[in-house]
Amino acid sequence: MAEQITMQVTRYRPEVETDASFQEYEVPCPKDWVILDGLNYVKDQLDGTLSYRWSCRMGVCGSCGMMVNGEPKLTCATFLADYAPGPVKVEPLRNFPVIRDLVVEIGDFMRKLVAVKPWIIRKDEKPVSQGEYLQTPDELDEYKQYSMCINCMLCYSACPIYGLDPQFIGPAAIALAQRYNLDSRDEGSPERLELLSQHEGIWGCTFVGECTEVCPKHVDPAGAIQRYKLTAAMDWAKSFVMPKGKADA
Amino acid sequence: MNNEPIYTAYHPRWLRPPMSTYWWLGKWPYVKFILRELSSIFVAWFVIHLLLLFRAVRGGEAAYQRFLDFSAHPVVLTVNVVAFFFIVFHALTWFAVAPQAIVAHMGKKRVPPLLIAASHYGAWAVVSAILSWLLLR
Amino acid sequence: MAKTRRPIEPLLWLLFSAGGMASAMLMPALVFLLGLAFPLGWLGAPDYDHLRTLMLHPVTRLVLFGVCMLSLFHWAHRFKYTLYDGLQVKHLNELLNTVCYGGAIVGSIVAAYLLWR
């Protein structure tokens, strides 16, 4: 008989209560189970009222982010047995409003992703008849790391600046902007800079660095932000030396 | 029968737990971050210390001696011991993140992060050696 | 999203960065020698004439001013954000900016005065 482990799971039912509480569940703890397996066991066998998000169960969709013992984790990529003998606390992702149980409101995040214009911007679009935009492997390497983001929002949970000021645009959004800024096919850096050079853009970041620590895909958003600060500062400095329009984007 | 259903919008009340003023005590990386930021206070203190030294040196041998005594005073000494640890902590954390923040290219190839780090530590060693030589010869 | 443009932010960040680099490179050795080794007698303090020649040299004064001014702005920027975030005193934003950056400006003027009066 497999060992058991106690999961302390946040419950929040807005129709009957005004605050969150913990409910304990005893779940089996086989070596290969992840936290998500434990939650699915709860939902299937113990308490069907538990609400939570998940999808691919293999670390590529970004749906199952939750706080596990106070750390933001993908529950499909975190082994239950690592927390034996337990108990293990499972809470909704920090810094986001909680809709119900482990489900958080992600509208703010989604709006920010769109706000940084995450698409190739060009002054003149090449017609399809002229063929594809060509890119060398080196040019791909420039931005590839930042394209690996799965929008799981663990970085937003780890970022104290976002927690203190929800208007801060946040690590994933800035990393996404960099993914396009550094793409050789893109010419949209000045447009993105317009948004990101505001106080809630890159300048709000104080390089705590936790976003990079918790990222499951090694995107290194902290590095992306610091690089962007340097680029933006250099652009600003250049704008005094060179007339507007001549300065490199 | 006039039993028209009455529809009301149902929007569940979202729970927004407030962030504690002591959020930075929550986990060690946050504590380390705040300590790193507070090191700037000791940087500012040492600026004052340097300027006081300059003023004493300019003021004459007696003033310089008084400054040396001042530096040896237990309170000042304690402050400087603490300042030393914080300033070294600042330097170490600064050089540790330099490769993350600085991405340089030589032609098409990216400069390896290890080289960026090594350049910083190397420069640190050279500058420290020069300063020591200037003061100790 | 509230739009608060602060075109001065890049300048403040550049000063912060330069100050961080300058203080990281130069201060550890100086604190060790001037703050610990000489007062505690681990190493002989430089004799007065040698130190006077060294410190009053125009290049030394320039370097000293650079390090002091940049380090003060490094402190101002970092300390402001620490109070802003650590203590959540956003509403005191104007006061914080005045005290921190104002302090750095005043400190730099005092430094220039002491070095070149």
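Bear in mind these aren't lab numbers, they're just calculated from the coordinates by the rules spelled out. A quick note: this is a predicted structure, and the numbers were derived from the prediction, not measured. Reconstructed Cβ throughout: ideal geometry from the backbone, glycine too, with neighbour counts over all protein chains shown.
For the segment C:105-116, counting C-beta atoms of other chains within 10 Å of every residue's C-beta and taking the mean gives 2.
Its Cα centre serving as origin, chain A has a Cβ charge dipole (Lys and Arg +1, Asp and Glu -1) of approximately 600 debye. Computed on chain B, with alpha-carbon pairs under 8 angstrom and 6+ residues apart, the relative contact order is 17 percent. Scoring A:122-131, B:74-83 by mean Cβ neighbours within 10 Å over their residues and listing the highest first yields B:74-83, A:122-131. When chain A is treated as a Gaussian network with alpha carbon springs shorter than 10 Å, the biggest mean-square fluctuation among A:48, A:223, A:62 belongs to A:48.
Its Cα gyration tensor gives chain B an equivalent ellipsoid, and the semi-axes of that ellipsoid, as √(5λ) in whole Å with the largest first, are 53, 28, 12. When you restrict to C-alpha pairs under 8 Å that are six or more residues apart and normalise by the size of the range A:165-213, the relative contact order lands at 42 percent. Note on the range A:36-170: dipole from Cβ charges, positive end direction compared against A:76, A:146, A:63; the farthest Cα belongs to A:63. Just checking the listed ones, B:66, B:13, B:110: in the Gaussian network model of chain B with Cα springs under 10 Å, the one fluctuating most is B:13. Here is the P(r) of the range A:7-124: all C-alpha pair distances, binned every 10 Å from 0, give 13, 42, 28, 11, 5, 2, 0 in whole percents. Relative contact order for chain A: 17 percent, from Cα pairs under 8 Å spaced at least 6 residues apart, divided by residue count. Between the residues A:23, A:48, A:160, the greatest Cα displacement towards the positive end of the dipole of chain A, with unit charges on the Cβ of Lys, Arg, Asp and Glu, is found for A:160.
For each pair in A:117/B:109; A:217/B:27; A:229/B:32; A:144/B:108, compute the distance between the two Cα atoms and list the pairs where it is over 19 Å.
On the way: A:117/B:109 28 Å; A:217/B:27 22 Å; A:229/B:32 22 Å; A:144/B:108 16 Å.
The answer is A:117/B:109; A:217/B:27; A:229/B:32.
Counting neighbouring Cβ atoms within 10 Å and putting the fewest first, the residues B:11, C:77 line up as B:11, C:77.
Note on the range A:123-193: with charges restricted to the Cβ of Lys and Arg (+1) and Asp and Glu (-1), its dipole about the Cα centre is near 240 debye. Of C:62, C:15, C:26, the residue with the greatest mean-square motion in the GNM of chain C, using alpha carbon springs below 10 Å, is C:26. Seen from residue A:12, the other residues with C-beta closer than 13 Å to its C-beta sum to a net charge of -1, counting Lys and Arg as +1 and Asp and Glu as -1.
The mean count of C-beta atoms from other chains within 10 Å of the C-beta of residues in A:159-170, rounded to a whole number, is 3.
Ellipsoid fit via the Cα gyration tensor, chain A: semi-axes of 41, 19, 15 Å, each the root of five times an eigenvalue, largest first. Straight-distance candidates among the aspartates and glutamates for linking to residue C:80, with alpha-carbon spacing under 19 Å and chain neighbours fewer than 8 residues away dropped: A:165, A:200, B:37, C:9, C:94. Taking the C-alpha atoms only, the angle from helix B:74-101 to the longest principal axis of chain B is near 60 degrees. How much net charge surrounds residue A:124 when only the other residues with a Cβ under 14 Å from the Cβ of residue A:124 are counted, with Lys and Arg +1 and Asp and Glu -1? Within the 14 Å Cβ shell, the charges total +1. Peptide B:129-136 shows a mean partner chain C-beta count of 6 within 10 Å per residue C-beta. Ranking A:119, A:97, A:85 by Cα position along the charge dipole of the range A:63-134, where only Lys, Arg, Asp and Glu carry charges on their C-beta atoms, puts A:119 farthest toward the positive end.
In chain C, helical runs assigned H by DSSP with n ≥ 4 each contribute -39500 (n - 2.57); averaged across all residues and rounded to the nearest 500, the mean residue ellipticity at 222 nm is -25000 deg cm²/dmol.
Think of each Lys and Arg Cβ as +1 and each Asp and Glu Cβ as -1; about the Cα centre, that makes the dipole of the range B:24-107 roughly 140 debye.
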